[in-house]
Every structure is written in structure tokens, then in C-alpha cells.
Amino acid sequence: MGMDYQAAIIDVDGTIVRGDTPIDGADRGLSAIDGAGLDRLFVSNNPTKRPPAYERRLTSAGFDVDAAEVITAGTATTSYLDEEYHGDTVYLVGEAELAEQFTDAGITVANHPTDADVFVASIDFAFSYDDMQQGLRVLADPEVPFIGTDPDIVIPTDTGNIPGSGAIIGAIETVTERSVDVICGKPSTHVASMALDRLGDPAPERCLVIGDRLDTDILLGDRAGMTTVLVQTGITDDRRLADSPIEPDYVLDSISEIDCVLG
Ligand SMILES: [Mg+2]
């Protein structure tokens, strides 16, 4: 205790909202973070919905959130491509909403696999046999990097889990016998450094990362040397926590108890 925290990276789904419904006490938790003077940033692994969509959803759930306070797996992937593969043509297996984020940032999206310099895989509700075949064609060239937006294998919804980007990346890994080279969303070092940069570069240990997933939120914080806080309002129950090699610094029933960490 006694750590003077400067910033908080906060997960969205399962941490402050469930669908469009605010999680009990999340408003109190966010007020405590503001009251302690921490800068905050919301980081989500959703590759399709853009920051303004988060602003709208969170505002209608009763939270005062600005689009400028949001990073998504879509913005993280777009910035990674711009930094590492500027001017290259991207072949995308993913949703049109992600392709728009790329083209809006000046990134060329290939229509034909033969045009591709980079291959990106992400959640795609129309994922098909043909997509796997295109993956085989593009990734047959070992020089073409294989990039994924986020590793989430399933996404919890009101009606049960649905397949996420991780499931599609896994299918393409299987058929191509290649492993994804880089994941851009949580828990990558790319999104961690993007977040710290956005927060004005606090010392990592003075930055809290608060989320409901061990393999994304808590692993991101662990790798970056941040102070990690698992909240049990989402996907991680006691059994998953006990079975995991990833150990959060703090475990809270919900973000409403964050004042225990802030001291
Ligand atoms: Mg979450």
C-alpha cells in the first residue's frame, strides 16, 4: 500500500457494463478513481466498434465518457499497421467496420490475395471456407506477416458465448500451420505502450489495470509492470482464478471496491 497511483487503464465489458447495462457500483468505482486524481483510459478488445460508439453506449449507460478516452483493438491494430507497415496493402479477414477503420487511416485493403503485403485476421460474422483458402494463399508466402486484432476466443453475450477473433485466428493458424505473429489488442505490448503514451507516460507500476479477464487485462498489466486489479463481475470466477498461472495483484468483487486499492 501507499503507492501513489497516477493512472488507470479500465476494461469495459464485464468491468463497468454488461451489454448496455451498468454494473452495480461501477459509477462509485469510477468516481473514486476520479476523486483520487488518476488519469483514466478505457481499453476494449472489440475490433469493430469505434471509440465514438463506446462514448454513446457508455453515456447511455450513465457514465460520462469521451471517445478520446477509449482505445479499442481496432484502433490498436490500425496504429500498429500504420507504424510498422506504412504504405503496405492489407488482406483482411474481418468485418467491414474494421476495413473502414483501415481505409479511413489511409491503409489500403486488398481485394485480391495476390496484392497482399500483410494479412490481418479478426472476428468475421461471415467467416467461411473461402476465407481459410485465401488465408492459405496469402500466408503461403513466409514474408507476409500474420497479424490478429485480439485473442478473445469467445465473447459473452446475453444469450451465451459467441465465437470471437481468437476462434478465427485459430482456424487460420490450423489450416496454414503458422502461428499468428502479432496480436495488436490486449494483452500486447503494442496496446500497453499506446495506452501509457496516451496517459502521458506514467511509471508503469503507478498505473492500475482493471479488468475481468486474466489472459488479456491482467496479462497486459503483468507484462508491462503495471499494478493489476481483477474484478469478478465478468468472465473470471473463483475456479478460473485458482486454475490460472496469472496472478493479479488485487482481486475485487467489483470495481465499486477500487477505493481499497487506492488507499
Ligand atoms: Mg472485459
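Each residue in the range 171-187 was checked for being out of contact with any strand residue (DSSP E or B) (no Cβ under 7 Å at 6 or more places or on another chain) and surrounded by 16 or more Cβ atoms within 10 Å (Cβ to Cβ), and 5 pass. For the range 220-232, a tally of residues being surrounded by fewer than 22 Cβ atoms within 10 Å (Cβ to Cβ) and either near the ligand (Cβ under 10 Å from one of its atoms) or part of a helix (DSSP H, G or I) (or both) returns 3.
Among what's in the range 151-164 and is in a loop (DSSP other than H, G, I, E, B) and over 20 Å from residue 74 (Cα atoms), pick the residue that is modelled with the lowest pLDDT.
First pass over the range 151-164, keeping only residues in a loop (DSSP other than H, G, I, E, B): 151-153, 158-159, 164.
With the extra rule that they be over 20 Å from residue 74 (Cα atoms), the set shrinks to 158-159.
Details: 158: 78, 159: 86.
Step by step, filter the range 151-164, then rank; the result is 158.
Return the residues of the range 101-132 that are part of a loop (DSSP other than H, G, I, E, B) and either more than 22 Å from residue 170 (Cα to Cα) or more than 22 Å from the chain's Cα centre (by Cα) (or both); say none if nothing qualifies. Lay out the reasoning, then the answer.
From the range 101-132, those part of a loop (DSSP other than H, G, I, E, B) are 105-107, 110-112, 116-117, 122-128; that's our starting set.
Listed by number, the residues that qualify are 105, 106, 107, 110, 111, 112, 116, 117, 128.
Please determine, by comparing only the residues of the range 174-218 that are among the charged types (D, E, K, R) and without any contact (Cβ under 8 Å) to a residue 24 or more places away in the chain, which one is nearest to the ligand (Cβ to nearest atom). Residue satisfying both the conditions and the ranking: 197.
Every test in (1) assigned by TED's automatic domain parsing to the domain that holds residue 178; (2) farther than 22 Å from residue 58 by Cβ; (3) touching a strand residue (DSSP E or B) at 6+ places or on another chain (Cβ under 7 Å) is passed by residue 81 save one, and that test is (1). Tally time: how many residues in the range 1-48 are of a type in the set (Ser, Thr, Tyr), assigned to a strand (DSSP E or B) and either away from the ligand (no atom under 16 Å from the Cβ) or within 21 Å of residue 194 (Cα to Cα) (or both)? Residues flagged as of a type in the set (Ser, Thr, Tyr), assigned to a strand (DSSP E or B) and either away from the ligand (no atom under 16 Å from the Cβ) or within 21 Å of residue 194 (Cα to Cα) (or both) within the range 1-48 amount to 1.
Could you please find all residues in the range 67-100 being among the β-branched types (Val, Ile, Thr) and over 24 Å from residue 171 (Cα atoms)? Before the answer, list the steps.
Step one: filter the range 67-100 for residues among the β-branched types (Val, Ile, Thr), giving 70-72, 75, 77-78, 89-90, 93.
Residues satisfying the conditions are 70, 71.
Condition check ((1) of a type outside the set (Ser, Thr, Tyr); (2) touching a strand residue (DSSP E or B) at 6+ places or on another chain (Cβ under 8 Å); (3) not assigned by TED's automatic domain parsing to the domain that holds residue 154) across all residues:
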position: 16; (1), (2), (3): yes, yes, yes
position: 25; (1), (2), (3): yes, no, yes
position: 34; (1), (2), (3): yes, yes, yes
position: 40; (1), (2), (3): yes, yes, yes
position: 54; (1), (2), (3): no, yes, yes
position: 58; (1), (2), (3): yes, yes, yes
position: 65; (1), (2), (3): yes, yes, yes
position: 69; (1), (2), (3): yes, yes, yes
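Only a single item in (1) within 23 Å of residue 78 (Cβ to Cβ); (2) crowded, with 24+ Cβ neighbours inside 10 Å; (3) within 16 Å of the ligand (Cβ to nearest atom) is not met by residue 148, and it is number (3).
The values are calculated or read from the model by the stated rules, or taken from the named source; none is laboratory data. Computed from a predicted structure; not experimentally measured. Cβ sites come from the backbone with ideal geometry, for glycine too, and all protein chains shown count toward neighbours.
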